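The structure appears right after this line, and notes come after that.
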Amino acid sequence: MKFALLREPLFQFLVLGAALFGLFHIVGNKKTDAPERIVVSSARIDNLADGFARTWRRPPGKEELQGLVDDYIRDEVFYREGRAAGLDRDDVIIRRRVRQKMEFFAEDASVPEPSEAELTAYLESNLERFKTEDRLTFHQVFLSATRRGAAIDRDSQQVSNALALADTEVDTTAIGDPFLLGEEFQAVSQTELAGIFGDVFAKRMSVLELSRWQGPIPSSFGQHFVYISERIPGGAPPLDAVRDAVRREWSKARRLEAEQKLYSSLRERYEIVVESLPATSTEAEASR
Amino acid sequence: MLEFEYARSALKNGLKMEAELGVNPYKFGLVGSTDAHTGLAAVEEDNFFGKFSAYEPNPDRATHVLLKADKAVIMGWEQTASGYAAVWATENTREAIFDAMKRRETYATTGPRMIVRFFGGWDFEPSDANTRMPARVGYTKGVPMGGDLSNAPRGKSPTFLVAALKDPIGANLDRIQIIKGWLGKDGQTQERIYDVVVSGERKIDADGRSRTPVGNTVDIANATWTNTIGAGEMITVWKDPDFDPALRAFYYVRVIEIPTPRWTAYDAKYFGITMPKDAPMTTTERAYTSPIWYTP
């Protein structure tokens with residue numbers, strides 16, 4: 001019982017390990033090879049100073065530069081020792097970063113300037129992503145629920161009568177109340193309308209006719225009479241209207257392609273062995 | 001208010017430092033944000049996904065310890081479902097939005113999409129609150145939120161045009177306040193809150209405060225409220241009644257909504273649970289603007 005511990009393999013391993021460590025301490029101390037060199041080249045120093053200047057918008061002072069160099073040396077010492085000790089292996093952050101650098105590398109392999117035909121073709125085959133909403137240009141007469149309270153329905157009837165007589169644009173500055181965002185709205189989309197006036201209002205606006213006063217349309221602010229002077233149709237835009245976005249998306253698609261190509265070619269070099277996958281949770285549940 | 005813990009105290013300290021250093025390092029604009037780590041912009045009280053992906057909506061999230069540090073424990077229910085950054089940009093482009101932030105023409109909200117205007121100048125008159133185009137008058141006669149006033153004309157006090165429009169699908173407004181901070185003759189910073197518009201028939205006392213609460217329509221059990229109190233929009237012109245042209249000062253606006261159910265109330269109803277007794281069940285959402293600074 002007393003010697004059970006001595007028979008434990010872990011204990012034996014620890015004792016042997018400690019003995020080896022002690023031996024190395026005595027023997028290995030007489031290091032024969034020269035110390036590793038860390039050279040901080042003048043190009044490196046320039047580089048450190050540039051980095052500092054980008055952040056602080058001025059070059060570093062003497063002490064600051066010394067601090068940067070000291071920190072670089074500290075970095076290098078820990079980096080080399082850490083790598084030598086294998087600390088870079090099986091580290092999820094380092095793996096992710098290295099993968100990212102490989103992907104950047106693939107993406108960097110210069111994407112050429114697209115031709116007109118390529119952009120047109122890309123726009124046509126991805127129309128859904130570039131479609132635009134209808135836009136409305138209108139002005140309004142606003143009746144404020146806050147200002148008018150219970151009188152709003154009666155007032156609304158009067159405004160309705162007055163505007164019915166006006167078959168063209170009338171001077172409406174004498175009718176209704178001020179609205180914080182104004183009375184005239186230029187090329188506003190349905191989404192923007194919903195953001196300003198609420199969904200109900202935006203939906204009503206989408207079915208109104210042009211060039212005559214209509215209303216009242218209720219919102220949570222009160223009642224609105226509107227005169228829509230223009231409905232700019234949305235839908236498929238011409239290339240010129242969305243050229244920058246199409247070029248950006250086209251380039252992105254090319255970069256992803258390049259990345260996939262690099263990956264495929266590299267993957268070919270490997271024989272891949274996947275040991276049997278564990279059952280997925282839904283399968284596991286089903287088998288229960 | 002703990003010094004160094006709040007934006008207001010930083011604004012006040014900025015005045016003090018400016019008097020000493022000749023430059024105000026705390027001349028910042030205000031925006032709201034989520035501080036969430038979920039990648040979601042789900043900050044409405046009735047659609048709050050929490051700050052961390054590990055504590056998304058579930059019946060226990062309010063009673064979870066969210067953060068434990070030397071000085072404090074923060075419980076799940078203490079999270080606030082907020083907030084948004086509002087920017088007065090001349091157009092919806094990256095350049096225009098950055099320009100607006102650079103000139104601090106921004107405000108923060110705790111979640112509602114309120115529209116808030118704030119202009120300072122020397123010549124706003126009460127009738128400007130009835131103009132058809134408040135923004136046009138504001139830019140013509142003054143500077144917007146984030147701006148600067150100086151060279152006080154003899155005998156004049158700064159005047160402010162301030163207006164707010166509620167979120168189209170949100171709660172009505174209780175009141176608009178202007179918060180003034182200044183550096184006294186003795187070198188000490190001071191602050192004061194003025195109610196400048198209140199909804200309904202309530203009165204603002206001679207000291208600039210309205211002591212009648214707006215009321216509360218929140219039905220906590222059902223997590224609902226009604227817009228039967230408060231106002232949909234507010235606008236006024238306010239003149240600083242205690243202006244001293246020799247003293248540095250700043251003014252910013254706070255717009256306060258009527259009480260609404262807090263996310264804890266929506267959770268309690270949805271999951272059929274009882275919240276810890278310390279957890280607030282209602283909230284008053286609000287907006288804060290960037291200040292307008294006066295420099296002698």
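The values are calculated or read from the model by the stated rules, or taken from the named source; none is laboratory data. Remember, predicted model here, so these are calculated numbers, not experimental data. Cβ placement follows ideal geometry from the backbone for every residue including glycine, while neighbour counts extend to all protein chains displayed. We work out accessible area using only protein heavy atoms, side chains counted, and drop any ligands, DNA or RNA first. Shrake-Rupley method; radii C 1.70, N 1.55, O 1.52, S 1.80 Å.
Of the GluC sites (Glu not before Pro) found in the range A:190-260, those that fall in a DSSP loop while having at most 12 other beta-carbon atoms within 10 Å are A:209.
Taking all protein chains together and a 1.4 Å probe, the residues A:227, B:6, A:270 rank A:270, B:6, A:227 from largest to smallest accessible area.
Of all DSSP bridge pairs formed entirely within chain B, close to 95 percent run antiparallel. Between B:192, B:94, B:61, the residue with the greatest mean-square fluctuation in the GNM of chain B (Cα pairs under 10 Å linked by springs) is B:94. Annotation: residue A:246 carries an accessible surface of approximately 0 Å², with a 1.4 Å probe and no ligand, DNA or RNA atoms counted. A drop of at least 10 square angstrom in accessible area, chain alone versus all protein chains together, probe 1.4 Å. Which residues of the range B:137-172 meet that? The answer is B:163, B:165, B:166, B:168, B:169 - residues whose exposure falls by at least 10 Å² when every protein chain is included. The distance between label points at residue B:284 and residue A:126 comes to 5.0 nm (points 7 Å beyond Cα on the Cα→Cβ vector).
Which cross-chain or sequence-distant (5 or more) residues have an amide H under 5 Å from the amide H of residue B:111, H modelled 1.01 Å from N in plane? Close amide H contacts, sequence-distant or interchain: B:84, B:286.
The residues neighbouring residue A:252, those whose beta-carbon lies less than 14 Å from its own, together hold a net charge of -3 under the Lys/Arg +1, Asp/Glu -1 convention.
Mean per-residue shielding of peptide B:111-124 is 1, counting Cβ atoms of other chains within 10 Å of each Cβ.
Grab the other residues whose beta carbon is less than 13 angstrom from that of residue A:116, score K and R as +1, D and E as -1, and report the net. So the environment of residue A:116 carries a net charge of -2. Interface residues of the range B:219-237, defined as a loss of at least 10 Å² in heavy-atom accessible area between the chain alone and the complex of all protein chains with a 1.4 Å probe, are B:231, B:232, B:233, B:235. Taken over the protein assembly as shown, the convex hull of the Cα atoms encloses 336 Å³ per residue. For a quick check, take a GNM of chain A with Cα springs below 10 Å and name the residue from A:275, A:103, A:36 with the largest mean-square fluctuation. Most flexible of the set in this elastic network: A:275. The figure for residue A:11 is an accessible area of roughly 70 square angstrom, using a 1.4 Å probe on the protein chains alone. Give the shape of chain B as rounded, prolate or oblate, defined through the alpha-carbon gyration tensor: a ≥ b ≥ c are the square roots of its eigenvalues, a/c under 1.5 means rounded, and otherwise the shape is prolate if a/b is larger than b/c and oblate if not. Judged from the Cα gyration tensor, chain B comes out prolate (a/c at least 1.5, a/b above b/c).
Of A:224, B:37, B:64, A:139, the residue with the largest accessible area leads and the full order is B:37, B:64, A:139, A:224 (1.4 Å probe).
With K and R counted +1 and D and E -1, the other residues having a Cβ less than 14 Å from that of residue A:94 yield a net charge of +4.
Within the accessible surface of chain B, defined with a 1.4 Å probe on protein heavy atoms only, the carbon and sulfur portion equals 52 percent. In the range A:138-163, the residues that give up 40 Å² or more of accessible area when the other protein chains are added, compared with the chain on its own (1.4 Å probe), are A:146, A:147. Peptide A:171-183 is shielded by partner chain Cβ atoms: per residue, an average of 4 of them sit within 10 Å of its Cβ.
The heavy atoms of residue B:248 offer some 60 square angstrom of accessible surface to a 1.4 angstrom probe. For the range B:3-295, a simple Cβ point-charge model (Lys and Arg +1, Asp and Glu -1, everything else neutral) yields a dipole of about 540 debye relative to the Cα centre. Here is the interface size for B with A: some 1600 Å² of accessible area buried, both sides summed, with a 1.4 Å probe. Converting phi to 3J(HN,Hα) with the Karplus coefficients 6.51, -1.76 and 1.60 and the offset θ = phi - 60°, the range A:128-135 yields 3, 6, 10, 4, 10, 7, 4, 10 Hz in sequence order, with x at every glycine or proline.
Couplings for the range B:276-283, taken from phi via the Karplus curve 6.51 cos²θ - 1.76 cosθ + 1.60 with θ = phi - 60°, read x, 5, 7, 6, x, 10, 10, 9 Hz in order; Gly and Pro are left as x.
When chain A is treated as a Gaussian network with alpha carbon springs shorter than 10 Å, the biggest mean-square fluctuation among A:55, A:146, A:191 belongs to A:55.
From the Cα gyration tensor of chain A, with a ≥ b ≥ c the square roots of its eigenvalues, which class applies: rounded if a/c is under 1.5, or else prolate if a/b is larger than b/c, or else oblate? It is prolate, given that a/c is not under 1.5 and a/b is the larger ratio. If you find the alpha carbon centre of the range B:162-217 and of the range B:58-94, how far apart are they in angstrom? Their Cα centres are 25 Å away from one another.
Please give me, ordered by residue number, the trypsin sites (Lys or Arg not before Pro) of the range A:81-135 that lie in loop per DSSP and have at most 13 other Cβ atoms within 10 Å. Those that pass, being in a loop and sparsely packed, are A:89, A:131.
Among the listed pairs A:203/B:166; B:102/B:180; B:16/B:185; B:12/B:141; B:27/B:102, those with a Cα-Cα distance over 18 Å are A:203/B:166; B:102/B:180; B:12/B:141.
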